[in-house]
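Structure record follows, encoded as structure tokens.
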Amino acid sequence: MATEAHDHPNYFMVWVVLLLLLVVSLAAAYMPFSQTLTVILIFVIAAVKALLVASFFMHLKIEGKLILAIAIVPVILFVIMTISLLPDIVYNPVETATQKLEAPKSTVH
Amino acid sequence: MDHNGNTELRENSFWRKYLFSADHKTIGKQYLWLGLIMALVGGILAYFMRKQLAWPESETLTPNVYNAFVTMHGTIMVFFVAMPILLGCFGNFLIPLMIGADDMAFPRLNMLSFWTFFVGTLLLILSFFVPGGAAAAGWTGYAPLSAKPIYTGVNWGLNLWILSLALEFASVLMGGVNFMTTAITMRAEGMSWFRLPLMVWMQLSAAIIFMLSVGPTIAAAVLLLLDRLVGTGFFVPAQGGDPLLWQHLFWFFGHPEVYVVLLPGFGVLLEILPAGSRKPIFGYRIIIYSTLVAGVLSFIVWAHHMFVSGMNPNLSMPFSITTILISVPFAIVIFAMIATMWRGSIRLTTAMSFAIGTLMTFLMGGVTGIFNGSAAVDIFIHDTYFVVAHFHYTLFPATFFAAFAGIYFWFPKMFGRMLNETWGKVHFWLTFVGFNLVFLPMFRLGMAGHMRRLADPTQYNFLSTESIKSTQIFITWAAIGLLIGQAPFIVNFLRSIVAGEVAEENPWQANTLEWSTASPPPHGNFEVRPIVHHDPYNYSSPDADSDWLPQDQSLEEITT
Amino acid sequence: MHGTQANVQPRPEFGKLGMWWFLASEIMTFGGFLAVYILYRAASGGGWTETAEHVSIALGSINTFVLLTSSLTIVKSTEAVNQGEYDRAKNYLGWTILLGVVFLAIKGVEYTSEIRHGFTPITNIFWNFYFALTGLHALHILVGIIINLVLYIGAVKGTLWREDLGHRIEVAGLYWHFVDIVWIFLFPLLYLSY
Ligand SMILES: [Cu+2]
């Protein structure tokens, strides 16, 4: 348990950093960067934000190995799953009816 | 009695004691009843399918009903028989007893888990009676077949099927949270990780595998339900969806699910074999490590179910390799089991017979799995009765043989009375012979090109030969025999609960902690909290007077 | 026979451990949803951009701000419990509930305006995903609000602080932070990648 009262992080500062990151990601989205760069930027920022919340607010930084493993293993599994599906859903050389997902048409403007 | 101030452990009224009980032993037994009753339902469905297949001209089932029966038979046997008996019953009943705890970590969550399961079961039964009938898209629910009601003509049947599975998953998740937390925090003094009975290890591995694999399938099922109810197109090609993704997300869970069922079955064997051979288990740690390796590998084999689905052929090779690789840790576990029996003084009780029967049949299932796992062979035998025979040779031993072994073994602890051994042996031989007579010929049918999920095979000329037809009829009679062979068990089970021979504390002279308390154990399990001195498989130890040495008995105590 | 009664770990640890196991399965469930979306979006090769432009970045950003702040208030509440300042803990919990409700209200405003402009859950595959993912997330927020409300009632009555119940605000906080993290990813996925 996080009973060490003076050891806990300054939650307020973490929150300030989180808000700053939010502003940065918004700025990145509006900047005239290339699409790839924008996408990379906003997801790196999201990952940093998630990491901040997990390690400070959820105390993963001071938790034991067991809880750390419980938190990390599913994240790794998710990444493995998504990556191993890429060749099938995104880059499948087999021509099937569903190979290229149709661009959705917006019906209304 | 001393309950460490646990407020859950008051003596309770009738309702709280037998129906809405939070006691892990009662919940375990409730799961057992539920599983056995559903097994009967699943068996009856199988009977009608076999009758239709042997005598298609009798038109026992219309093709639509046949599809529904195939779907429901698979769903019931995997999710509503194997899961409640092997995890729900054995897990709930045995984990706290084996680790020397008074109950689960969250007793009320445990109760909620059972009743969630119960409602799921009711919904599934209900789905037979709604207009349009029960789900008919296969137990795998492949999209787009399952994505729009018009494709199978089943509307609410399939919606209820998804809902009941969702409830079942939620229930097992709650149970898994309980298993993990209990085993981590509530072990008795001296019960280190490597003194845990292997049954507990297997239950924990199964719970972890389930918890980590079921998520994507839950996600896919929610999206599928939205496709059906709201009209979205996640898995409908015409609306931009990709049905192949359903298969991926289903099998990401579907394959590990096999191990979720199998590992507790192995756990049963790993308790019974040493006790029945009067020998320590062979390679305790190797078994644990092999299981963990198999658990990790089980997450990267799923696409071996999809070699003919039109997925990227470049994926076939890696998934073939991992699939064949995963047979290695399982082979090690099987070898350890056989080595445990090697030169032991075997006591051929009914439980032991079923345990050995499990080993023999599962070996067949494992070996034929290697055929299916290599993409080149699978393309030939995919979706034939070869596959049907294969997975019955893996799941039937786990779901029934191992479950029966466990029931014959732990019945005295659950109900305080013994099952009749003679009738038990009769039951074993009828089941064992019946099972092999039913499923061995199916390998041949599969090699002859007989497809699965076919209400009337005679519509194909090559499946209308005399040889095929007589095989079909033979299988059906064997299946009827297998079903009738369960009668001795049902009678024995019901009779023994009220009139069986009264069981002593430790009828099998086994070592694990559940045998060190009364049969059945009192509310709170142990009069005094046990202290553990040994590993659980100390049989025929030269240091002890008898050929068994209970985990909570210290050697000094015997010698002085 | 022999034995002792020691060795039962304090119950408070149960809750936290149980919650983490639950969150592990939640990660995989949301992982499934996100994987489907990411894969489809990648396969579309930019085909969804035009329709995806109609989301409201302003409201999405405000909601991100609201959720991040609510994460701060609930962790402050946990901190206050550890310091024995129950009144402060109760107030922070109250703020968390309020911010959760604000989030749902803003989400409601968003949904209404989108549906009014013709972007319904069945308009096209992007909006399928938009409503499914945010709807599911909103459902989790709703559950979180209910949990926090139950705790708040306990705090008002004073029963929440009983030692044997463990540290329930911390456990509820874990769930709330997790839901926050999900939103941290949903925001760029749905609002910013066009
Ligand atoms: Cu498989």
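Where does chain C land on Rg/Rh, using Cα atoms and the Kirkwood Rh?
1.08
Multiply the residue gap between B:Lys425 and B:Arg278 by 0.36 nm, knock off their C-alpha separation, and tell me the result in nm, one decimal place. Mind showing how you got there, number by number?
Values: separation 147, 0.36 × 147 = 52.92 nm, distance 2.03 nm.
Roughly 50.9 nm would be gained on extension.
Using just the helices of chain B, give the 222 nm mean residue ellipticity in deg cm²/dmol: DSSP H runs with n ≥ 4 each add -39,500 (n - 2.57), and the total is spread over all residues, rounded to 500.
After summing the helix terms and dividing by the residues of chain B, the value is -20500 deg cm²/dmol.
Zone of B:Lys17 (label point 7 Å along Cα→Cβ, backbone N under 12 Å): which residues in segment B:517-560?
B:523
Computing the accessible area with a 1.4 Å probe over protein heavy atoms, can you report the carbon and sulfur percentage for segment C:56-160?
Ligands and nucleic acids excluded, carbon and sulfur reach 73 percent.
Accessible area per residue of the protein assembly as shown at 1.4 Å probe, in Å²? Could you put the intermediate results ahead of the total?
Details: 32780 Å² over 863 residues.
Per residue, the protein assembly as shown has 38 Å² of solvent-accessible surface.
Which whole-number value in Å³ per residue fits the convex hull of the alpha carbons of the protein assembly as shown?
166 Å³
First compute the accessible area of segment B:356-461 with a 1.4 Å probe, then give the percent of it belonging to carbon and sulfur atoms.
72 percent
What distance in nm separates the two pseudo spin-label positions at A:Ser34 and B:Leu112, each 7 Å out from Cα along the beta-carbon direction?
Inter-label distance under the simple model: 5.1 nm.
Where a Cα-Cα gap under 22 Å defines reach, which lysines qualify for B:Lys148, not counting those fewer than 8 residues away within the same chain?
Straight-distance partners of B:Lys148: A:Lys100, A:Lys105.
Interface C/B, total buried accessible area with a 1.4 Å probe, nearest 100 Å²?
3300 Å²
Which distance in nm do the two modelled labels at B:Ser554 and B:Tyr289 give, with both placed 7 Å along the Cα-to-Cβ direction?
3.2 nm
Using packing as a proxy for protection, rank B:172-179, B:386-393, B:518-525 so that the peptide with the highest average count of other Cβ atoms within 10 Å comes first.
Descending mean neighbour count gives B:172-179, B:386-393, B:518-525.
Specify the residue with the greatest mean-square fluctuation among C:His140, C:His117, C:His54, computed from a Gaussian network of chain C linking alpha-carbon atoms under 10 Å apart.
It is C:His117.
For the residue pair C:Ile147 and B:Ile473, what label-to-label distance in nm results when each label sits 7 Å from Cα along the Cα-to-beta-carbon direction?
It is 6.2 nm.
Averaged across A:63-74, how many Cβ atoms of other chains sit within 10 Å of each residue's Cβ atom?
On the way: counts 2, 0, 0, 4, 8, 1, 2, 12, 6, 2, 7, 13.
That works out to 5 on average.
Distance from the Cα centre of segment B:504-526 to that of segment B:58-130, in angstrom?
27 Å
So, in Å, what gap is there between the alpha-carbon centers of segment B:428-457 and segment B:268-331?
25 Å
What does the structure give for C:116-125 when I average, per residue, the other chain Cβ atoms found within 10 Å of the residue Cβ?
Working: counts 0, 3, 4, 3, 4, 4, 6, 6, 10, 11.
Taking the mean over all residues of the peptide, I get 5.
Quick check: net charge around A:Leu66, other residues with Cβ under 12 Å of its Cβ, Lys/Arg +1 and Asp/Glu -1?
Residues near A:Leu66 contribute 0 overall.
Return the subset of B:Lys25/B:Lys279; A:Lys61/C:Lys16; B:Lys29/B:Lys413 for which the Cα-Cα distance in this structure is over 19 Å, preserving the input order. Could the numbers behind the result be given before it?
Working: B:Lys25/B:Lys279 29 Å; A:Lys61/C:Lys16 15 Å; B:Lys29/B:Lys413 11 Å.
Listed pairs above 19 Å: B:Lys25/B:Lys279.
Counting only complete DSSP H runs, which helices of chain B cover 30 Å or more along their long axis at the Cα atoms and score a mean Kyte-Doolittle of -0.5 or above?
B:24-54, B:156-185, B:198-229, B:243-277, B:316-341, B:350-373, B:421-447
Peptide C:69-77: average number of partner chain Cβ atoms within 10 Å per residue?
4
The values are calculated or read from the model by the stated rules, or taken from the named source; none is laboratory data. Small disclaimer: the values here were computed from a predicted structure and weren't measured. So basically every Cβ, Gly included, is an ideal-geometry build from the backbone, and we count neighbours across all protein chains shown. Quick note on the areas: whole protein, heavy atoms, side chains included, nothing else; ligands and nucleic acids left out. Shrake-Rupley method; radii C 1.70, N 1.55, O 1.52, S 1.80 Å.
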